[in-house]
1. Once each part is reduced to its C-alpha centroid, what is the distance from the range B:383-441 to the range A:19-36 in angstrom?
2. Please count, across the range A:67-220, the pairs of lysine residues with Cα atoms under 29 Å apart that sit 8 or more places apart or on different chains.
3. Pairing the Cα long axis of helix A:197-224 with the longest principal axis of chain A, what angle in degrees results, from 0 to 90 and rounded to the nearest 10?
4. List, largest first, the extents of the alpha carbons of chain A along their principal axes, each in whole Å.
5. In nanometres, what is the gap between the two model label sites at A:Trp173 and B:Trp430, each 7 Å from Cα along Cα-to-Cβ?
6. Tilt of helix A:236-270 relative to the longest C-alpha principal axis of chain A, in degrees (0 to 90, nearest 10)?
7. If the cut-off is a Cα-Cα distance under 20 Å, which aspartates and glutamates reach B:Lys526, setting aside same-chain residues fewer than 8 apart in sequence?
8. When each pair of different Cα atoms in the range B:238-299 is counted once in the 1/r mean, what is the Kirkwood radius in angstroms, to one decimal?
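FYI, it's all coordinate maths here, none of it is from the lab. Source: prediction; values computed, not measured. Glycine gets a Cβ as well: all are built from the backbone with ideal geometry, and neighbour counts include every protein chain shown.
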Amino acid sequence: MSGGNYYVPDSSRYPIFAATSLFFLVMGAGGTINGTDNGTTVLYLGFICMTLTMFFWFRTVVQEHLAGLDSAQLKKSYVFGMAWFIFSEVMFFAAFFGALFYVRTFAVPWLAGEGEKGAPIEFVQEMGVDFWTGFENTWPVIATPDNGSEYEIADKTMAFPGWSNVLAWLPLWNTIILLSSSVTVHFAHLGLKNGSRKSFNRWLGATVGLAVIFLGLQAAEYYEAYAHYGLTLNSGIYGSTFFMLTGFHGFHVFLGCCMLSVMLVRSVFFNHFETHDHFGFEAASWYWHFVDVVWVMLFFFVYII
Amino acid sequence: MSAVIENHHNEHDHHGPAKGLKRWFYTTNHKDIGTLYLWFSFAMFLIGGAMAMIIRAELFQPGMQIVEPEFYNQMITLHGLIMIFGGVMPAFVGLANWLVPMMIGAPDMALPRMNNLSFWILPFAFFVLLSSLFMEGGAPNFGWTFYAPLSTTYAPPSTTFFIFSVHIMGASSIMGSINVIVTIMNMRAPGMGLMKMPLFVWSWLITAYLLIAVMPVLAGAVTMMLMDIHFGTSFFNAAGGGDPVLFQHIFWFFGHPEVYIMILPAFGIVSHIIETFSRKQLFGYSSMVWAMLSIAILSFVVWAHHMFTVGMPLAAELFFMWSTMLIAVPTGVKVFNWIATMFKGSITFETPMLFACAFVVLFTLGGFSGLMLAITPADFQYHDTYFVVAHFHYVLVPGAIFSIMAAVYYWIPKWTGNMYDERLGRLHFWLSFIGVNVTFFPQHFIGLAGMPRRVPDYALQFADWNMVSTAGAFLFGFSQVFFLFIVVKTVMGGKQATDQVWEGARGLEWTVDSPAPYHTFSVPPKVS
């Protein structure tokens with residue numbers, strides 16, 4: 001609510017380019033999954049168009065900022081916008097956490113015949129079907145109610161392996177790494193505020209490095225699951241919730257890592273960001289803290305309990 | 001670099017719109033984008049309406065006459081999806097675009113380029129959705145609520161495209177809502193405190209919050225569907241330890257706030273119109289705000305009243321019954337406030353006021369049938385019958401859609417500078433009013449008598465009222481083509497509107513010229 005004149009924006013061709021790219025992306029993705037002709041080509045085309053549009057769109061925003069075109073009010077709009085975007089991401093994860101809590105609290109016990117709505121096992125057995133027999137309410141649940149006829153049964157889960165093996169437990173290391181990266185990105189922010197670009201670049205570089213290590217370990221964990229544990233997307237509700245939650249989190253870490261890398265490049269090669277004016281970086285660091293919080297939730301609800 | 005900057009300054013100097021198609025493709029102007037949204041939603045309204053006509057034509061008589069049952073299912077699915085996501089929601093976003101900046105004294109939306117992106121995603125999303133009609137296996141056929149396993153195990157291949165179109169519609173809604181919230185929080189004219197905001201602005205602030213909270217949940221639901229169909233997960237399949245009921249929980253956690261997303265802006269619109277044509281200040285402004293806030297918060301804890309018959313524990317059935325009934329309290333506050341506003345007012349009944357009064361009466365009627373449905377034991381009788389169809393069409397057609405029509409008649413003089421033809425407007429109202437009641441009121445009867453929803457054929461005893469309902473539906477349908485004529489006629493010309501337009505109108509948007517200038521406020525107005 002600053003006084004004076006309002007900033008009136010220009011027309012822009014980027015939005016409709018972005019919408020068109022998005023159209024190619026979804027037609028391509030749908031076509032690829034359904035196996036129609038040219039699906040993959042359209043998908044790649046959409047991906048390339050989207051990347052280019054975003055590059056030029058963001059470049060324009062940065063240039064406007066450097067040219068001093070954006071008012072204090074517009075900067076505040078960006079701040080609000082980023083905060084609400086992160087809130088929408090929180091709600092996206094809430095859907096998957098909600099699914100996890102629901103199956104653990106209701107679906108799995110009921111399927112095992114427990115609780116108010118437990119499956120009437122005797123009735124099922126009288127019908128001559130032994131589908132659900134022997135399915136027990138445990139978590140992590142390895143067995144599936146269909147005894148592996150439609151879904152596969154894993155040999156092992158990613159849960160806490162006991163204190164003797166704790167050091168070989170990748171999620172623990174990932175937790176340490178991601179928590180440290182939240183600290184390093186905060187040190188980078190402090191460096192910037194204190195006017196030390198060197199310290200900013202170093203700490204930000206360290207953060208990006210930790211992010212890459214995290215992603216590497218996550219990939220190793222997935223490889224381990226598929227190659228040695230028999231734990232896949234196809235191994236019942238544990239595999240489903242495990243891979244979807246950690247997978248979407250990993251994807252968001254990847255996005256956050258891209259954001260921070262762009263900020264690093266902007267600082268190292270273009271000397272962007274001032275002591276009191278660096279919302280681009282701040283937005284990326286907010287996003288980074290957000291994926292960190294999601295990981296803590298994951299570590300607790302998916303891996304530990 | 002410097003070329004870019006000079007370019008910016010040049011474009012700042014001219015204040016008219018660009019010429020030709022480029023204006024609409026590249027625009028960042030809230031009025032242009034609002035116009036795009038409104039025309040898009042009108043087009044979708046007519047397409048979804050044509051589908052409704054196919055449905056009603058098939059139901060004119062028992063037995064199968066016009067379409068195949070498979071195609072009938074595709075029609076009911078697309079009718080619902082198009083009316084909700086393509087008709088009502090974009091119409092409200094269009095109104096928000098046009099009105100919120102003018103009402104709060106802002107020059108434009110806070111993030112104008114993203115505003116353009118939010119709109120242009122929609123035509124693509126609905127192209128993807130509608131193209132599924134021509135795909136192998138046909139369009140989605142599982143109803144707009146797309147319950148698993150109908151939408152997973154038994155779904156047609158085009159479901160993949162349906163899922164992606166829902167994803168990008170959601171992205172559009174989220175960006176649109178972020179824009180509305182940021183505009184309202186950051187762009188209000190000096191002196192306009194939160195409790196001085198016009199009610200339409202308040203209603204959209206709350207709606208946008210609901211949208212940001214639940215659209216990502218819908219995205220999560222369709223993502224789980226996609227994974228279940230194509231990548232072997234078992235979220236909604238009991239054989240793998242999941243649960244089809246989980247789908248319903250996630251869907252309705254989105255779906256119930258979605259219902260209020262489609263009615264809160266209507267509350268805002270109706271409050272303005274009743275106030276203007278009663279020539280009185282609105283009764284109970286702050287209680288209106290608090291009522292909307294309570295409705296919004298309660299909307300997050302009532303979702304399972306859509307699932308009473310699915311087999312939930314008794315405690316859940318009771319909880320969701322009581323929480324649902326609780327919503328009648330703030331809604332009652334609003335209805336009584338509207339009545340109290342009219343009380344002893346010097347009322348005139350121009351077209352917007354006619355629609356607003358019909359809204360109050362008929363929406364309340366839909367609310368009452370909602371209360372009946374909220375009673376768990378009674379719902380075991382009503383569930384999935386035409387009574388439910390009658391209920392939600394009463395809150396959506398003479399509720400949400402009447403409010404949109406009221407808004408169009410109320411603000412079109414400000415948008416175009418021309419008065420609409422009052423005689424034609426009233427004729428349109430009466431045709432719609434009669435049509436909507438003839439269509440949907442009998443559905444209460446056939447529903448209570450036991451006719452299930454989503455069937456192309458039915459037992460003989462329902463024949464009479466179905467025939468009446470179909471006659472009403474065609475009356476309502478054709479009167480909307482008449483509405484299109486009235487709108488086009490008004491855009492083309494008409495009596496010049498004054499700046500205030502309506503004698504009792506208050507608010508910043510009535511202080512500017514009619515038609516409103518391309519950039520409304522370049523300097524913030526002072527609000528006392």
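1. Between the Cα centre of the range B:383-441 and that of the range A:19-36, the gap is 37 Å.
2. Taking the Cα cut-off of 29 Å, the pair count is 5.
3. 20 degrees
4. 80, 50, 38
5. Placing both labels 7 Å along Cα→Cβ, they lie 8.1 nm apart.
6. For A:236-270 against chain A, the angle is about 10 degrees.
7. Correct list for B:Lys526: B:Asp108, B:Asp499, B:Glu509, B:Asp513.
8. In the range B:238-299 this quantity evaluates to 14.2 Å.
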